[in-house]
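Q: I am attaching a structure below and will ask some questions about it afterwards.
Just so it is clear, none of the values below were taken in a lab; they were calculated from the coordinates. Since we're looking at a predicted model, the values are computed, not measured. Please note: Cβ atoms are built from the backbone with ideal geometry, for glycine as well, and neighbour counts cover all protein chains shown.
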Amino acid sequence: MARPPKPPSRKTPARSSRTALGRTLAQELSDVLRVVREHPAAFPQAADRTRISLSLESGARLELEVTGRPWTGPAAEEEGHVCLFHELVEPTFEAFASIDDLDLAASAKAGAQNLQEQFPNDVKFTSGRRSIERQASAMAPNVAKNRKWIEQTYKASPQRTALQKWVDDHPTATTAAAIAAGLEGVMKSWTEAQQRNFSRHITGDAFDVQPVAGAQGEKIKQAIAKLPKLNWHTFQEGGLEIWHAQFDT
């Protein structure tokens, strides 16, 4: 059986640092997909899942996964962007981080390394240390859907009460952006100990893992429950499937 031809070499002209910094991730991906569009014979044409791994200049790595119906040809180009897939059904984009990218404190980092060593092909980390801004942004979309989400998700504490009170006192804040701004304002007034008491993500003492289905997923759950210095773990938060583990220092 003849092998498919290799994709033709495509060298990108050198760009000045100013030009490179001005390009968006969407533009960079558009360039990648343009090569696929121009040389279809060199690429599979019946894939219903595609994963793209990117190494960013900052040293971080970004992994995108797209699922949908098999590829039937590139859609028409709109506004300078190329759409590789046609008639995607509920496409999903997932970003995973390396352990170093998670910026974890010592105990949580050791737990993450332990888990990845046991399941190197299955464990994907979705969240680690979060700034106050990122913590607020992560919570806001859930609050926008359910005004009692904070109360129903986090353990009872003065910090939980303060955040829920802000939500209750601002019924006109309905967008995720408005809610995130309000929650961030509340959390910025907290000490580090108060931040940690509410969410150990803020202090780097917690990480989340992408849920895994089937028997392998059950093995990973059991392994999470046995990690050293584990403080608490859960696989459901506020009605959502979220695999979360947090640690003592």
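Q: Please give the net charge around VAL186, taking every other residue with its beta carbon less than 13 angstrom from that of VAL186, where Lys and Arg add +1 and Asp and Glu add -1.
A: Working: positive: ARG160, LYS165, LYS188; negative: GLU133, ASP168, ASP169, GLU184.
With Lys, Arg at +1 and Asp, Glu at -1, the net is -1.
Q: Listed here are the pairs LYS145/LYS188; LYS124/LYS221; LYS109/LYS155; LYS145/LYS221; LYS155/LYS219; which of them are more than 18 Å apart at the Cα?
A: Long pairs (Cα-Cα over 18 Å): LYS145/LYS188; LYS109/LYS155; LYS145/LYS221; LYS155/LYS219.
Q: Quick one: net charge around PHE207, please, counting Lys, Arg +1 and Asp, Glu -1 for every other residue with C-beta under 12 Å from its C-beta.
A: Computed value for this residue: +1.
Q: For region 114-194, with only Lys/Arg (+1) and Asp/Glu (-1) charged at the beta-carbon, what is the dipole magnitude about the Cα centre, in debye rounded to 20?
A: I would put it at about 120 debye.
Q: If Lys and Arg each add +1 and Asp and Glu each add -1, what is the summed charge of the other residues whose beta carbon sits under 13 Å from the beta carbon of PHE235?
A: Summing Lys and Arg as +1 and Asp and Glu as -1 gives -3.
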